[in-house]
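Taking it in order: structure first as structure tokens, then the write-up.
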């Protein structure tokens, strides 16, 4: 039971935005999980610093990323997230793209019994293009910076707990996370707090389906000049539904739908979006 739940939790860890899902499980020693993912969304519904909705020309983001986990020991897991390609554009501009910010993580199991509990530290490095100017199609003299990385070093610290409801093929997880952010050029970024819950169920021995609810909010004073593309001053409630279908022993296919809204935490400095992502998985259990 545990190994199947575990596998599904891994695939859902990173979404195209800042939203994350976490579990209390770590990988068994010398096992691994790899996923390549494509995601896309388009939105014209921008929520400003006060949460009011403003209509703009369509903003579109496409991304291709890789995610992997490796069990260094039964208690310690190494994790990497590598966004190989991020493409941003407005309806009125050309498309600009680049490599994104790489995140490396170490996850340690504090408890491994009926309520697995883990803590993780995940530095994110400014490997993406911090300046990536798109040109207005109607007026080449007008440009807007649509970077593929936020230009700053930051560190996520996460505490997560999980439980399986044996004999049902059902699991639940909850997590709490803090993102310590530094600065881009001379501009200090607002730190962030994130929390969420996830419930998943297995159908037909090969299909896992789950749903997640999460929140992201800033910690400290709201920045005077918020920057949505770098996630500064951003807050929202996230709701998602996803699935993993295992093809044989090692391969799997994934799909996920994610929506940002104001159900719990008011959406601010973000495009209200509906993100679709699809991926392929290879794993050693």
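A short reminder: the numbers here are calculations on the coordinates, not readings from a lab. Since this is a predicted model, take the numbers as computed values, not measurements. Here the Cβ positions follow ideal geometry from the backbone for every residue, glycine too, while neighbour counts run over all protein chains shown.
Remarks
- Normalised contact order of the chain, rounded percent, pairs of Cα under 8 Å and 6 or more residues apart: 18
- On Cα atoms only, tilt of 2-11 relative to the major axis of the chain in degrees: 10
- Helical content alone sets the calculated 222 nm signal of the chain at -1000 deg cm²/dmol, taking -39,500 (n - 2.57) per DSSP H segment of four or more residues and averaging over every residue.
- Net lengthening on full extension, residue 78/residue 166 (0.36 nm per residue, minus Cα-Cα): 28.9 nm
- Mean projected area in nm² (Cα convex hull; one quarter of hull surface) for the chain: 14.3
- Computed from the alpha carbon atoms alone, the convex hull of the stretch 177-272 holds 129 Å³ per residue.
- Peptides 274-281, 200-207, ordered by how many other C-beta atoms sit within 10 Å of their residues on average, highest first, read 274-281, 200-207.
- Residues 185, 212, 284, arranged from fewest to most other Cβ atoms within 10 angstrom of their Cβ, appear as 185, 284, 212.
- Segments 235-247, 97-109 sorted - mean Cβ within 10 Å per residue, highest first: 235-247, 97-109
- For the stretch 30-56 versus the stretch 224-285, the gap between their alpha-carbon centres in whole angstrom: 6
- Reciprocal of mean inverse Cα separation for the stretch 122-182 (Kirkwood radius, Å): 15.3
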